[in-house]
1. Kindly report the accessible area of the stretch 504-584 per residue (heavy atoms of protein chains, probe 1.4 Å, no ligands, DNA or RNA), in Å².
2. Give me the percent relative contact order of the chain, please, defined on Cα pairs under 8 angstrom at least 6 residues apart.
3. Across the stretch 197-212, in residue order, what do the Karplus-derived ³J(HN,Hα) couplings come to in whole Hz, using 6.51 cos²θ - 1.76 cosθ + 1.60 with θ = phi - 60° and x for Gly and Pro?
4. Which percent of the accessible area of the chain is formed by carbon and sulfur heavy atoms (probe 1.4 angstrom)?
5. Under the definition of Cα pairs under 8 Å and six or more residues apart, what whole-number percent is the relative contact order of the stretch 540-645?
6. Any chance you could run the full-extension gain for Ser305 through Ile124? It's 0.36 nm times the residue separation minus the Cα-Cα distance, nm to one decimal.
7. Suppose all protein chains stay in the model; what accessible area per residue would a 1.4 Å probe give for the stretch 593-660, in Å²?
8. Starting from the Cα of Phe226, step 7 Å along the direction of its Cβ; do the same at Ser532; then give the gap between the two resulting points in nm.
Amino acid sequence: MNTAGEPDRPPGWITPLQISAALLLILASSAAIVWAALRSPEIPFVADTEGAQWIGFPAPMRTQPIITDHDAIPVVQFERDFSLNEACEGNLRVKAMRGIELELNGQVLLAAPWTRADWKRERILSTGSLLRAGTNQLRARVRNPQGPALLWSMLRGPCVEIRSDAAWSVARGRSPTAKAVRLPAARPHPATRAVPGPRDALRAKAIVLVALFAIGAGLSGTARKFRGQRRLPLYALVAVHIYWAVLFSKMLAIPDDVGFDALGHRAYIDFIVSHGSLPDARDGWSMYHPPLFFALTGAALRFLSPQPGGLLESFVLHGIPAAAGLSIPWLCFLGARRLFSGDPERVAMATVFGGTLPMAIYIAAYVSNESLHAALAGAALLTTCTLIGTRKPSIHQALLCGLVLGMALLAKFTSVLWIPLIAAFIAMRFLGRKLRVGWACRALLAFFAGWVGVAGWYYWGNWLEFGQPLATNLSVLFEDRSLYIDPGFRRIEYYTGFGEALHHPTLAGFASYWDGLYSTLWGDGLIGGSVSIARRPQIWNEPYALLTYPLALPATLLVLAGVGRGVLGSLRGNDLARRAQLAFLASAGFALAASMLYLSLAWPFYQAKSFYALALAMPLALAFASAWSAFTSRLGVAGNALAYGWLSVFLGVSVLAYAS
C-alpha cells in the first residue's frame, strides 16, 4: 500500500492494456482513413492502377477559389481514336470523377450524373459488336463541379488494349483541344521561384548567423551551470513577456484586413457592432464560426466606440488574439512545471519554446478566433492533466474541465474532437480508485454539464436551424454551388513528399502535406491567407523569417524525439498519474493529427495548416524540452557548444524575424 505523498503505482496489467488500446486506436483510425480514401465518394482521392492513369485537362494552377453553379457545370470531353485490324468484342472498364457520358463509336454505353455516390466504383461494360475493323473512337464527357474532371479507363479484348493515358485528347469549354495529362495532386506553386528563399537570406545575413552562433557556443558552459538554477523558469517568463510586449507594439500596426479570412472576420465583428446581436451563418462567409471571439471584440467596440482606424480600435481588435497568444507560453510553463517538477531547465526550455513558436506569434497578430481557441483548448488539456494527476480528484475539477472546454467550443468547432477523449480519461481516473462507478458517473455528469451549459445552446441552435450542429459556410452558403481550389483532388504522392519548405517555404503546402505543415509551423508559409505572392503582406522581417525554416529542422527532430519519449513514458514508470497524463496528451495529439489528415483528404483545396493544432503547443513544448535535456546531457563540452550555438542562432533568428 502506498503511503501518503507517494505516487500511485500502476498495476501489472496496465501496460499490456495501454499497448493494446493504442494499437487498436491506431489500426482502427488508419483503416478508417484508408477506407475513406479508397471507397468513400466524399473523399476525392484517386490512384492509378494497371497502367491506366487518371487523366484530365492540362490547365495551369489557379490559387483563387473556383465556384461552380450546379446548373452550369463545365463539360470536359475526352477522346481516343484507334484502329483495329479486325472486329472483336471486349470489356470497357471505366471510372470518372464525377458524372460521365461514355460513347463508343457514337453509341452511348454509360450515362451517370455527377451526384452519384458510386463514382469510385469501376463500371465494366461489354462492347458487344461495337468494335469494328478500321477506325474506332471512344468519347467521354465528364462533369465535376467539385474539382477537375478526371477519367480512368481500360479497354481490353482479343484485338485491343487501350488505357487512359497521354494518347487521349481532351477539350474543356472553348479551350483548344490538348493532349490529356496525368494531373498531379502535388506540385509547387509556380510563383514561389520568383521570390527570395532561405539561400538568398543566408547570403544576406551570414555575418549575423555567425555572431549568434559564437555567442551561443561561447556561453554554453555558463548555460550548463544554470541548468539547476531554481529561478531559471522565472527568467524565461520575464524574457518572453518582454518579447511579446515588443510583438504587440508591432501587431497594433497590422491592418485589420490582413490575415486568414480577415475580411470575413471583420464583417462578423461589424455585424455585432451594428445590430447588437449575433449573425446567422447565412449572413456572411465567416459567420458560421462560434461567436465567443467575435462577440467579445464586437461588444468592446460597441461600448468604446473608437475612431475607425485609430489606435484604440486597433488595440481592441488585436488585444484578445495577442493576449491569447501570450497565454501559450504560460500554458507551456504550467504544463512543464506539472510534468517536470524539480527540473528548472526543462520548464524554462518549454516556456521559451511556447513563447517563440512562430505559428503562435503570427496567428496572434491577425484578427481571428484561432488564437483564442488555441488558448482555451490548451487550457482544457491542462485542466484535464491536473485532474488526472491529482491524487484525489474531485467532482469540481471535472466540472472545471467541462467549463473550460465549453469556452473552447464557443471559440471554434475543433474542440469537439476532445469531448469523448476527455470524458474517457475522467472516467478512467475516477474508476481507478477502487472502481468507484458512482463517482465516475457523477464526474462525467459534471463534465458534460459544464461544456453543455456553456456551449450547448449554440450547437443546439445550429441543429434546429440547419439540421446539423457543425454548420459551416460550405454547407450553408453553397447548397446549389460548389467551391474548390486547385488541385481539387488528392493522390498518394501528396502525402509522401517533403523538402519544398526548406528551399521555397512560401506556399509550400501546394507541394505536399508535410511541407504545408512544416511551413506553417515554423513560419507564416501561407502568407496570411493571401493567394498572391506578389501582393503578400510585408509584415515580418522576411530574410530572418525565411532562415527560420532550415534552422528549424533540428528543432523538428527534437520535437519528434520528445514525442517518442513521451509515448514511451506513458507505458513505463512507477508513477501512474504521470503515465496517465502523458497518455492523455499523446491521445489528444493523435486525435487532432488524424482529423487534420482526414480533413486534407475530404477538402482537397485545404492547405495543411499547423496552426489548426496550435492547441497542442503545450505538449509540443514539453516534447522539445524533454528531448533537448536528454540530448544535451549526453554531450561533452564540444557537443554542447555546437548545440547551444545552434539554439542561439535558431532563437535569435526567430526573434528577429517577428520583432524587428
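The values are calculated or read from the model by the stated rules, or taken from the named source; none is laboratory data. Here the structure is a predicted model, which is why all the values come from computation and not from measurement. Positions of Cβ are backbone-derived with ideal geometry, glycine not excepted, and every protein chain shown enters the neighbour counts. Please note that ligands, DNA and RNA were not included when accessible areas were found on the heavy atoms of the full protein model with its side chains. Shrake-Rupley method; radii C 1.70, N 1.55, O 1.52, S 1.80 Å.
1. Working: 2890 Å² over 81 residues.
It amounts to 36 Å² per residue over the stretch 504-584.
2. On the way: 1203 pairs, mean separation 125.0, N = 660.
Over the chain, the number comes to 19 percent.
3. Karplus values, whole Hz, x for Gly and Pro: x, x, 5, 5, 5, 4, 5, 7, 10, 4, 5, 5, 5, 4, 5, 5.
4. Numbers: 18230 of 28790 Å².
For the chain, the apolar C and S fraction of the accessible surface comes to 63 percent.
5. Values: 58 pairs, mean separation 36.6, N = 106.
After rounding, I find 34 percent.
6. Details: separation 181, 0.36 × 181 = 65.16 nm, distance 6.72 nm.
Length gained, Ser305 through Ile124: 58.4 nm.
7. On a per-residue basis, 30 Å².
8. 4.6
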